[in-house]
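The values are calculated or read from the model by the stated rules, or taken from the named source; none is laboratory data. Just so you know, these numbers come straight off a predicted model, no measurement behind them. Here Cβ is always computed from backbone atoms with ideal geometry, including for glycine, and neighbour counts include all displayed protein chains. For accessibility, only protein heavy atoms count, side chains too; no ligands or nucleic acids. Shrake-Rupley method; radii C 1.70, N 1.55, O 1.52, S 1.80 Å.
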Amino acid sequence: MVKTKQGTYVQKQNKVVVLWDLDNKPPRGPPYDAALSLKTLAETFGHLTDISAYANRHTFTHLPEWVLNQRRERKNLDYLERKGILNPSEPYICSVCGRKCKTNVDLKKHFKQLHERERQKKLNRLNSLKGKKRQKYKERFVSGDSKYNDAVRGILTPKIGYGLASELRRAGVFVKTVEDKPQAADWALKKRMMYSLDRGVDWLFLVSDDSDFSEMLRRAKEANLGTVVVGDVDRALGRHADLWVSWNDVENGEVTEKDLVPKSRERRRTTNATTTTTMDEFGDVLIFHDGKEMEMGEDFMLEYSDNEYFDDDSDDEDFDEEDDGFYIY
């Protein structure tokens, strides 16, 4: 229990930290949606105190296949609309001023000639200011211009990359660009992980499949820190973590409560299941596992033993009494 500012006592929430290796596990869809899904998953374990993503500049300039396909489709549609072969069912509306345009090309032309020029004037004015005046002007006309910021993402194409860093920052993720050196992102993540261990967090999320983090996860486990690995393959990192979750399920929002059962509880639940055997009127062996009848050979291994007698009424003369019992595992 902790005391609040109002003087009341509430139950202490677990502190959760998310570390994202973008070099190893970039989003396969819109980055903003992927970041929100990851935050939603982390918040089920407690209070999310920090979510950080690390990558070199090549990750932010690289264009994945799904982005290239979207741009090809948009380019083909623009060509058909410009030639008059395809007529849009509804006009394109500028979300800043509300002007209607016949084609997407006309909308881009209108946006660049009017709103982008106005934006550049504001930036020039911002650069001429200093101190508190600069801060107030930026909050009101640059950062606070939500209409322009929302419209520019859907109308204009970024000159470099596809806006990965800006979309993650919009979702509340701290994005760090590391040096163009081998394992630079890994070293930054490990340093941040050690910092999280010293801060006394309760749960650590690691979005990666890089086996180089196995030693760090082992140290976190020794420090009684809960660890969750989000990746594509449950291998090296999954063995050292308390929980492994599929990256595809996280991005698509398909993680269920059954997927969030820690390995210790899952192992304990499996151990408590009981297995019993009986014999029906026809002399067949029936196997019941946790109250459910199982077929012979399903999830069981039969091993002969010489400790139990199996069939007292056998008429087979070649039957050996020393090999007539079995154990069920």
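First select every other residue whose beta carbon is under 12 angstrom from the beta carbon of GLU65; then total the charges, Lys and Arg +1, Asp and Glu -1.
Numbers: positive: ARG28, ARG71, ARG72; negative: none.
So the environment of GLU65 carries a net charge of +3.
Over the Cα atoms, compute the radius of gyration (one decimal) and Dmax (the largest Cα-Cα distance, rounded to a whole number) for the stretch 65-160, in Å.
16.5, 54
Using the Karplus curve 6.51 cos²θ - 1.76 cosθ + 1.60 with θ = phi - 60°, work out ³J(HN,Hα) for each residue of the stretch 14-31 in order, rounded to whole Hz, and write x for Gly and Pro.
Computed from phi, the couplings for the stretch 14-31 are 5, 8, 10, 10, 10, 10, 10, 8, 5, 5, 8, 9, x, x, 9, x, x, x Hz.
Report the local net charge at LYS15: Lys and Arg +1, Asp and Glu -1, summed over other residues whose C-beta lies under 12 Å from its C-beta.
Details: positive: LYS12, ARG199; negative: GLU43, ASP50, ASP202.
Charge balance near LYS15 sits at -1.
Report the Cα-based extents of the stretch 141-218 along its three principal axes, largest first, to the nearest Å.
47, 29, 19
Keeping the other protein chains in place, figure out the carbon and sulfur percent of the accessible area of the stretch 65-160, with a 1.4 Å probe.
Details: 3690 of 7470 Å².
Summing carbon and sulfur atoms, their accessible area is 49 percent of the total for the stretch 65-160.
Considering only protein heavy atoms, what per residue accessible area in square angstrom results for the stretch 65-160 with a 1.4 angstrom probe? Numbers along the way, then the final one.
On the way: 7470 Å² over 96 residues.
That works out to 78 Å² per residue.
Cα centroids of the stretch 58-121 and the stretch 150-213: how far apart, whole angstrom?
Between the Cα centres of the stretch 58-121 and the stretch 150-213 lies a distance of 29 Å.
Per residue, how many Å² of accessible area does the stretch 182-235 show with a 1.4 Å probe? Let's see the in-between values first.
Values: 2680 Å² over 54 residues.
Here the residues of the stretch 182-235 average 50 Å² of exposed surface.
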